[in-house]
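What follows is a set of notes on a single structure, which appears directly below.
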There are 2 protein chains.
Amino acid sequence: MKNIDELCVNTLRFLAVDAVEKAGSGHPGMPLGAAPMAYVLWDRVMRHNPAGPDWFNRDRFILSAGHGSALLYAILHVYGYGLTLEDLKQFRQWGSKTPGHPEYGRTVGVEATTGPLGQGFGMGVGMAIAERFIGNCFNTDKHPVMDHYTYAIVSDGDLMEGVASEAASLAGTLKLGKLIYLYDDNHISIEGGTDIAFTENVRARFVAYGWHVQHVSDGNSLDEIESAVKKAQKVEDKPSLIIVRTHIGYASPKQDSPSAHGEPLGKEGVTATKKALDWPIDKSFYVPDNCAAHFKETASSGAGFEDEWNRLFESYKNVYPDLAEDFEHVQSGALPDGWEKNVPVFSGDFAPIATRTASGKVMNSLATALPHFLMGGSGDLAPSTKTILIGYGDFGFEKACAHNLHFGVREHAMAAAVNGIALHGGALPYGATFLVFSDYMRPALRLAALMQTHSIFIFTHDSIGLGEDGPTHQPVEHLMSLRAIPGLTVIRPADANETAVAWKIAVSRGGPVCLALSRQKLAVLDPSVFPVLKGCLRGAYILADSKSDVPEIVLIATGSEVGLALKAQTELESRGVSARVVSMPSWEVFEEQTGKYKNSVLPTDVPMLAIEAGSTLGWWKYVGSDGAVIGLDRFGASAPGKVALEKLGFTVENVVKQALKLLEDRR
Amino acid sequence: MKNIDELCVNTLRFLAVDAVEKAGSGHPGMPLGAAPMAYVLWDRVMRHNPAGPDWFNRDRFILSAGHGSALLYAILHVYGYGLTLEDLKQFRQWGSKTPGHPEYGRTVGVEATTGPLGQGFGMGVGMAIAERFIGNCFNTDKHPVMDHYTYAIVSDGDLMEGVASEAASLAGTLKLGKLIYLYDDNHISIEGGTDIAFTENVRARFVAYGWHVQHVSDGNSLDEIESAVKKAQKVEDKPSLIIVRTHIGYASPKQDSPSAHGEPLGKEGVTATKKALDWPIDKSFYVPDNCAAHFKETASSGAGFEDEWNRLFESYKNVYPDLAEDFEHVQSGALPDGWEKNVPVFSGDFAPIATRTASGKVMNSLATALPHFLMGGSGDLAPSTKTILIGYGDFGFEKACAHNLHFGVREHAMAAAVNGIALHGGALPYGATFLVFSDYMRPALRLAALMQTHSIFIFTHDSIGLGEDGPTHQPVEHLMSLRAIPGLTVIRPADANETAVAWKIAVSRGGPVCLALSRQKLAVLDPSVFPVLKGCLRGAYILADSKSDVPEIVLIATGSEVGLALKAQTELESRGVSARVVSMPSWEVFEEQTGKYKNSVLPTDVPMLAIEAGSTLGWWKYVGSDGAVIGLDRFGASAPGKVALEKLGFTVENVVKQALKLLEDRR
């Protein structure tokens, strides 16, 4: 006779196995091996409330090994997070709440979309950063209103990924003591035993990062796992890794075999496994009554955690009414009334200024309007990306409400952490680096778009205009590649004022936004002359129309090329050609406008010439078969920025020439 | 009075400082601190021959800290690699041989393009893999014809990057004893001291990876550095990291300050530094005569190394003429006559087969035609990517000529290593993973394109058609994002025969090629019916023309959507609409064809409908303003592949509907 814990663990195992079997695809091996540690976390350790899944101070859990999704779904079912048995039976089917990998926003209780390895690891670090940031800003000795742990189950695949290495080193530097990861150490990867590719000493590596590392020799020992977690909780100045020796496909014929990855056990395999664990072989999706009762009891005790916290917060509210109001604000993510007033307007007599520098000014102004909210940092490029919030302190182990993070040269972990902070809630995070290095962050940028997290990515040095650093540092294809990611908003402002509006969009829009900013100085568009403040909000707008009623040609430009277009317009007008200049800072925002508006800006019957110091690839959608693009379908070159731009065709002369050629070709 | 070594080190320092000063931009700090270790390597340690920079068995050197390029250029000047003083004076100027970061192919002696941090670290691992692979395949006890070290200077930025962590773990697993990295440990990053973001114990981390780690306490002690390197050479079963404590901006007013990064010292700073090191302050770009003589002597002794090797190879040739012939073949990279005969043709009665599976067959057939040449592996997905070369062994520490690499779940290091293998020469490397994870490799893919290395990237599971794994695993924007990278060839074959041709292109083309392959089975295009074998070589071709002389519509498709287009064609013909089907496996190859050919395939006066299960972004270039695209500008969804494709519009019905709509709109 199994005890209740064993029964409940096996319930999780077989809910997962049955779901995979019914779907005819998925990963049964991980749930069989890792069910005990998941059970310990959700049953004995975590302060969570299935009836209040959004409770702000809940412990967070991430299944970084997202391929084990069936295990997470089994848990969310048994603890009453709203997943029904029917949902489990719809595992991996169109429109179900139980997709192949956990998807944030689709399934209550899923804290992060995982599957691409290493990302969950990195996002957890972000959540722990958010927890400390909020705690440092709001907690008092007697009122730890933000005080929870962040847990994850991670796999060998996670630990092999560079993003996890970066995140681990960062977490160690920041001494994130409330981060506790359980490593499902099953010694098996898809190509074979982990010894064929992964012989490093994981324990020693994490100790080197500054982590507290423990080892659990028997992944089926609930008590051993529990005591390790409890011990980890007590280590306040180090993140914890608990290496749990498990067996992939535990108790199945595929135990300890790579084939337990990524394919169902098969009918016979399922039967054999159920037999091996004394499970009724004639039942599937089976939850024994005593387990159902046990899970229910655990779930309802969760309400107690939230009640307790509510009482704490009531007291906090009484003693610190202002702080409490701020806290509720950041928790909700609602922006304070009138925050936009802090978005500066740059007058026409403002000296030329790089949009990266303008962005720094805007951010600093916004920081005061968004107290305890806007925070972030750069991948060791803050002096270049102009992303320091002056006077807001350096985030570290000290208990100070400090807003500036030092991510180190770890762009990928930075992006994952920014996503984790956004997922956690209570802060509006940004991460900054050069645009060319957005490539290093791409898997995390994609997840931000998929999850629609409110992550802000600041990319400076946005074209060959950055100059001497040369082609390794000059973005070419990056704007277009970012635009290709569904759900990601890319904004490339033309001057300081468009930069201010871009920030307004980034702060208020909700989903992830990338800002592409210049290294070089750009003339300020006088807002009393140009409709820049309103126009920019629509993604693209007529910046300077032609003198004639109908332009002969439309010049569309973004960012630093808008100034070029304006000069070309003057030159064209002097040659008797009436041209309209359209500034198009954001394709995505423009696409959301009405067809009528879009047509009024870019009339299809007028020839169009797009100018952007980047890949031409997507521009044909706007300029059409009869249009032309001045872009860059080659790598840049090391030279002073002005020279590089000139040599590669970004001159008034060339714009005028191409415009005239285009008109000629049409005649 | 300084001794000759000190003088020569200072010569390197000030050549670099003067170059940065003249350019008005660049990094003087790294050369000042790291010149001694560079000098030790090039003067006392490395077996290199400036007169024979392509000598196959030379020691390789990578400046992974590419921002210190001025130091490398100084070295290449003094040892006579063909850089003149005039070249140094043209540092960072348009068209010069001395760009901001070292560029492979632009400057003799530069073994790899570096600058994006971590990449050089990863490429060095690839070079060491290539060295061992070739050695294992060709060396005999008495004839170690491939037997050299790979050195690099790496920075804290390199070590923070995830790609370097992955590469380090891989190198440890593979026990790459001939890899020796010197870490320029200057304690300074751009945002401040490394302690703000990088507190890990680097020594312990690398020991955990299985590296041999040493510490040199005085970065100015040539003897200490030399003896550490000599010791590292003796450790045959572990890669070596030598942590050299240096001072950024050594002897300058900016010593040990972040401002020594990324900006010149300024006139006064240069003078102060020269004074501090007893250097003539009135001279710039100065090489003392005795140093010039010393450098020359070292350089000419290099010829001895190559001569010695030539004698060894002559003896090898006598004893093992066949092996020697093969060796010369792989060294040259020339393909053996008739290799194409091994590219299989799939007959029309071949059962439907996934292009990933067809690719596996083609690769295995090619392996026998390209002895000791084609090699590579996957990021722990070999059973899924079908990239195992059967019977060709697992590459490891054993001295066997084994072709299959196990990269582990380290896509980024895989790509960097593949580039390194390609740069080394003597092997044709591939790396494989799912297309969606090309995002993890992107910085290395970009470098492959910039360097034009012969790197082959195999990306399977190339669309939502992969099914249940869901949006985290389903590529959408990836084809377009890869096409946006200048100089990268992307091929998405429609069936087994196009896959064979794709491989033919990949093997013979020279530059980097990405293959996008299906998870799902696709019907084989009968080569006796369709012009698939010749057509595919042109990037796009008329696969099945309309019955009428001039088609009413052209359906352009790639990969798995080509079969859909063929079915839609039949359906359209049955409705009296004559349609042409164009298969377009590679945009880049198609763009190289004549205008006449391109026009004959895609006539501008016929409406066009493109079909591809991916981002529509770039298709407007081909279909024009009057065309249409059936694509995917949203994320996919977890469901069986067929369902996902159906629900998202990839059905014969929808293609026909859109085609008819397009024709109607034109009427």
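Here are some notes:
- Cα gyration tensor shape for region A:536-666, rounded if a/c is under 1.5, else prolate or oblate: oblate
- Exceeding the 32 Å Cα-Cα cut-off - candidates B:K386/B:K598; A:K567/B:K254; B:K89/B:K296; A:K547/A:K596; B:K361/B:K642; A:K361/A:K567: B:K386/B:K598; A:K567/B:K254
- Distant-in-sequence amide H partners of A:H101 (H built 1.01 Å from N, under 5 Å): none
- Across chain A, C-alpha contacts under 8 Å between residues 6 or more apart give a mean separation that, scaled by the residue count, equals a relative contact order of 12 percent.
- For A:A432, the amide hydrogen comes within under 5 Å of the amide hydrogens of A:G377, A:S378, A:G379, A:I458, counting only partners 5 or more places away or on other chains and with H modelled in the peptide plane.
- Using R0 = 41 Å, the C-beta based FRET efficiency linking B:S257 and A:V108 works out to 0.20.
- Of the trypsin sites (Lys or Arg not before Pro) found in region B:563-619, those in coil by DSSP whose Cβ has at most 11 other Cβ atoms within 10 Å are B:R575.
- Placed amide H near B:L182: partners under 5 Å, 5+ positions off or other chain: B:A152, B:I153, B:V154, B:I242
- Those aspartates and glutamates that a straight Cα-Cα span of less than 19 Å connects to A:K317, excepting residues fewer than 8 apart in one chain: A:D141, A:D147, A:E306, A:D307, A:E308, A:E325, A:D326, A:E328
- Range in chain A, longest, excluding exposed GluC sites (Glu not before Pro) [loop by DSSP; at most 13 other beta-carbon atoms within 10 Å]: A:1-235
- Beta bridges from DSSP with both residues in region A:126-277: antiparallel share about 15 percent, rounded to the nearest 5.
- Exercise: per-residue mean of other protein chain Cβ atoms within 10 Å, B:398-411: 4
- Debye, to nearest 20: dipole size of chain A, +1 on Lys, Arg Cβ, -1 on Asp, Glu Cβ: 760 debye
- By DSSP, the beta bridges lying fully in the protein assembly as shown are antiparallel in about 15 percent of cases.
- Whether region A:540-592 is rounded, prolate or oblate, judged on the alpha carbon gyration tensor where a/c under 1.5 counts as rounded: oblate
- Computed over region B:339-522, the P(r) tail beyond 29 angstrom holds 13 percent of alpha carbon pairs.
- The mean count of C-beta atoms from other chains within 10 Å of the C-beta of residues in A:112-121, rounded to a whole number, is 3.
- Residue-by-residue Karplus 3J(HN,Hα) for region A:206-217, coefficients 6.51, -1.76, 1.60, Hz, glycine and proline x: 6, 4, 4, 6, x, 8, 8, 10, 10, 10, 10, 7
- Folded to 0 to 90 degrees: helix A:442-451 orientation relative to chain A principal axis, Cα: 80 degrees
- Using a simple spin-label model with pseudo-atoms 7 Å out from Cα toward Cβ, B:E571 and A:D526 lie 6.0 nm apart.
- Where both bridge residues fall in chain A, DSSP classifies roughly 15% of the beta bridges as antiparallel.
- For region B:348-356, Karplus couplings with θ = phi - 60° (6.51, -1.76, 1.60), whole Hz, Gly/Pro x: x, 8, 5, 5, x, 8, 5, 5, 5
- Cα-based shape type of chain A, given that a ≥ b ≥ c are square roots of the gyration tensor eigenvalues and the cut on a/c is 1.5: prolate
- Counting only residues at least eight positions apart within a chain, or on another chain, the lysines with an alpha carbon under 17 Å from that of B:K2 are B:K274, B:K275.
- Inter-copy label distances at B:K657, shortest first and taken from points set 7 Å along Cα to Cβ: 4.9 nm.
- Cross-link reach list, aspartates and glutamates versus A:K647, counting only Cα pairs under 12 Å and skipping chain neighbours closer than eight places: none
- Alpha-carbon centroid distance for the pair region A:246-262 / region B:128-169, whole angstrom: 35 Å
- The distance linking region A:58-85 with region B:444-500 is 33 Å (Cα centroid to Cα centroid, whole angstrom).
- Buried area at the A:B interface is about 7700 square angstrom, summed over both chains, from accessible surfaces computed with a 1.4 angstrom probe.
- Shown for A:I281: label points 7 Å from Cα along the beta-carbon vector, and their distances to the equivalent points in the other copies, 9.2 nm in ascending order.
- Each other copy holds its own label point for A:K596; taking that point as 7 Å from Cα along Cα to Cβ, the gaps run 5.2 nm, nearest first.
- Spatial separation of Cα centroids for region A:361-396 and region A:565-589, in angstrom: 35 Å
- Coupling constants for region A:473-490 follow from the phi torsions by the Karplus curve (6.51 cos²θ - 1.76 cosθ + 1.60, θ = phi - 60°), and in residue order they are 10, 9, x, 10, 8, 6, 4, 5, 5, 6, 4, 6, 6, x, x, 9, 9, 10 Hz; glycine and proline get x.
- Nearest chain A C-beta to the A/B rotation axis, reported as residue and distance in angstrom, is A:G162, 1.
The values are calculated or read from the model by the stated rules, or taken from the named source; none is laboratory data. As the structure is a prediction and not an experimental result, all values here were calculated from the model. With ideal geometry, Cβ positions are generated from the backbone for all residues, glycine too; neighbour counts draw on all protein chains shown. SASA here: full protein model, heavy atoms, side chains in, ligands and nucleic acids out. Shrake-Rupley method; radii C 1.70, N 1.55, O 1.52, S 1.80 Å.
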